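Below you'll find the structure, written out as C-alpha cells, and then a few comments.
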Amino acid sequence: MKMSQRLNKLPPYLFIEINRKIAERRAKGEKIISFAIGDPDIPTPAHIVERLCQAAKDPANHGYPETNGLPELRRAIATWYGSRFQVHLDPDKEVLPLIGSKEGIGHIAFCCIDPGDVALVPDPGYPVYSMGTILAGGEPHFMPLTEERGFLPDLEAIPQKVLKRAKLLWLNYPNNPTGAVASWDFFAEVVAFAKKHNLAVCHDAPYTEVAFDGYQPISFMQVPGARELGIEFHSLSKTYNMTGWRIGMAVGNAQMIEALFRVKSNLDSGIPQAIQRAAIEALSGDQGCITEHNSIYQQRRDELIAVLRQIGLRVTPPKAGFYIWAKLADSYSSEKFTLKLLEETGVAVTPGIGYGKNGDGYVRFSLTVPDDQFKEGVKRLLTWRGGLG
Ligand SMILES: *Cc1c(COP(=O)(O)O)cnc(C)c1O
C-alpha cells in the first residue's frame, strides 16, 4: 500500500519509543521506575468524577455533542479566565472547547499554515507544534531556548527571510520541558513583534495552575493587544488531573477561534457531553484541590533536586510546571545518559534531545510519580552516584 508523502515526513513520536523500551524491560520482570511521563499520578478529584458519573446516567448526554461544546461549558471557561486572570472573554466568539488541547494545537496549523509557510517553533519544545506544521505542509523554523536567556526565544535573531514566510509563532509558558516562566515584559515584546511581522501567536499554557512558592503564572491574554493577534491553549489535564478525560480549550482572537471551529466541525463531533459536565464542575467548583496537588509536587521537587545535585546534575528549581530540567555533565549526550541510567538502575527519564536539538545535554524528570515509586527512584539514583563518571 502506498501511504502519503506527508506521513514519511513525521519522525516516530518520542514517547512511543521510550514506552517501548520500558515495556521491553518490564516484560522481562524488571521493576522500572519512570520519571519519564508527564501525567498526574494523583486521581481526578472526587467531586469531578462524581459529576461525570451522574452526567453519564442522563440520556440527555448520550447523543452527539456540538463541536463547539455546551454553552454552559463555554461560559464556565470564560468565567474561570475572568476570575483567574481578569481576562474577560465572549463565551460564544472567543472560547472553543477542545478534545484535549493537543487536538487543537495540531489542528490550528490547518487554519494558519499553507504549503511553504513557516511556523516559528521553540526548541526544545512540545513536539506537536512542529508536527502539526509539517502535516499542514509547512516548515517549522526552530527558535533555540537557551539557559542564558532564561529559555525565552531571541526574537530578534530570527532571520528576515524566515520572517517573510512566517505565519505563526508558538510559545509555551510555564514551559515544558525547561520549567521556565515568562514575564509580562516578554509577552509585551511578543505582541509588538507579532504585530510588526504580521504573525499569529499561539500560546500553549496548560501549566499556569501548577506553580510553587506562591508564584502565579500569567496568561498571554492578559497582555494588551494579545487578543488582536493570538490565542491561548489551556487544558483541564494538568490543572485537575484530567488527562484521561480529554478536555481543554482555546481562547482569544475571534477570527482564529472561528477558523479552528471550522476545521474541527469538519473533522470531529466535539467532547462527550458527560465529560463537559464534569469539566464545568471542575472549573466552577472548589479549587482547593489545586493547592493540594501543588504542595505534593513542591515537596517532590525539593527532594528530587537535592538528590540530583548530589549526583552531579545542575538544576534550577522551577517556579511552575511539574518537570525538573537537569543539565548533564559535558561528557554526556542526553541519549547516552538516559540509556546508561535505565540500563544500570531501571530508572527512566526523558532525554532532552526528544524535544529538539537544543534539548541535548539535558534530561527531564517528571514529578508525577506516585510516592512509593518516587521513594524507590530516589534511592536508586543515590546508590548510582558512582555510575556517573
Ligand atoms: C500536557 C501538554 C499539553 C496537552 O494537554 P492535553 O490538554 O491533555 O492535550 C499541551 N502542551 C504541553 C506543553 C503539555 O505539556
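The values are calculated or read from the model by the stated rules, or taken from the named source; none is laboratory data. Everything quoted here is computed from the prediction, not taken from an experiment. Positions of Cβ are generated from backbone atoms using ideal geometry, with glycine treated the same way; all protein chains shown enter the neighbour counts. Ligands, DNA and RNA are stripped out before the accessible areas are found, and what is left, the full protein with its side chains, is counted by its heavy atoms. Shrake-Rupley method; radii C 1.70, N 1.55, O 1.52, S 1.80 Å.
Within the range 91-120, being hydrophobic (A, V, I, L, M, F, W, C) and under 15 Å from the mean Cα position of the chain (by Cα) holds for LEU98, ILE99, ILE105. Each residue in the range 81-103 was checked for being within 16 Å of the ligand (Cβ to nearest atom), surrounded by fewer than 23 Cβ atoms within 10 Å (Cβ to Cβ) and not in a loop (DSSP other than H, G, I, E, B), and 2 of them qualify. Could you look through the range 222-262, keep only residues that are of a type in the set (S, T, N, Q) and under 20 Å from ASN68 (Cβ atoms), and pick out the one that is surrounded by the fewest Cβ atoms within 10 Å (Cβ to Cβ)? Here the answer is GLN255. Here ASN61 fits the description: modelled with pLDDT of 95 or more, surrounded by 15 or more Cβ atoms within 10 Å (Cβ to Cβ) and either assigned by TED's automatic domain parsing to the domain that holds ASN294 or farther than 29 Å from ILE134 by Cα (or both). Cβ separations smaller than 7 Å between residues 6+ apart or across chains give the following pairs from the range 347-359 residues that are closer than 17 Å to VAL369 by Cβ to residues that are in a helix (DSSP H, G or I) and of a type in the set (S, T, N, Q): VAL349/THR338.
Here the range 349-387 is the region considered, the condition is being among the aliphatic types (A, V, I, L, M) and under 14 Å from ALA326 (Cα atoms), and the residue that is surrounded by the fewest Cβ atoms within 10 Å (Cβ to Cβ) is ILE353.
GLU72 passes every criterion in (1) buried (at least 19 other Cβ atoms within 10 Å of the Cβ); (2) more than 16 Å from the ligand (Cβ to nearest atom); (3) of a type outside the set (S, T, N, Q) apart from (1). Among the residues of the range 104-141, those identified as over 17 Å from HIS197 (Cβ atoms), hydrophobic (A, V, I, L, M, F, W, C) and within 16 Å of the ligand (Cβ to nearest atom) are ILE105, ILE108, ALA109, VAL128, MET131. It is to be established whether one or more residues within the range 17-30 are in contact (Cβ under 8 Å) with a residue 60 or more places away in the chain, assigned to a loop (DSSP other than H, G, I, E, B) and in contact with a His (Cβ under 8 Å, 6 or more places away or on another chain). Within the range 17-30 (the criterion being in contact (Cβ under 8 Å) with a residue 60 or more places away in the chain, assigned to a loop (DSSP other than H, G, I, E, B) and in contact with a His (Cβ under 8 Å, 6 or more places away or on another chain)), the answer is no, since none of the residues qualifies. Out of SER265, SER219, I need the residue that is of a type in the set (Ser, Thr, Tyr), closer than 27 Å to GLU66 by Cβ and open to solvent by 10 Å² or more (accessible area, probe 1.4 Å). Which one? After applying the criteria, what remains is SER265.
Just checking, does the range 202-214 include any residue being farther than 19 Å from LEU260 by Cβ, out of contact with any helix residue (DSSP H, G or I) (no Cβ under 7 Å at 6 or more places or on another chain), touching a residue at least 24 places away in the same chain (Cβ under 8 Å) and not acidic (Asp, Glu)? The answer is yes, given that some residue of the range 202-214 is farther than 19 Å from LEU260 by Cβ, out of contact with any helix residue (DSSP H, G or I) (no Cβ under 7 Å at 6 or more places or on another chain), touching a residue at least 24 places away in the same chain (Cβ under 8 Å) and not acidic (Asp, Glu).
Across the range 174-189, the qualifying residues are those that are assigned to a loop (DSSP other than H, G, I, E, B) and free of Cβ contacts under 8 Å to residues at least 60 places away in the same chain, and the one among them that is nearest to ARG301 (Cα to Cα) is ALA182. Among the conditions (1) open to solvent by 40 Å² or more (accessible area, probe 1.4 Å); (2) closer than 24 Å to TYR207 by Cα, LEU145 misses just one, which is (1). Got at least one residue in the range 261-275 being of a type in the set (S, T, N, Q) and either part of a helix (DSSP H, G or I) or farther than 17 Å from GLU103 by Cβ (or both)? Within the range 261-275, one or more residues are of a type in the set (S, T, N, Q) and either part of a helix (DSSP H, G or I) or farther than 17 Å from GLU103 by Cβ (or both).
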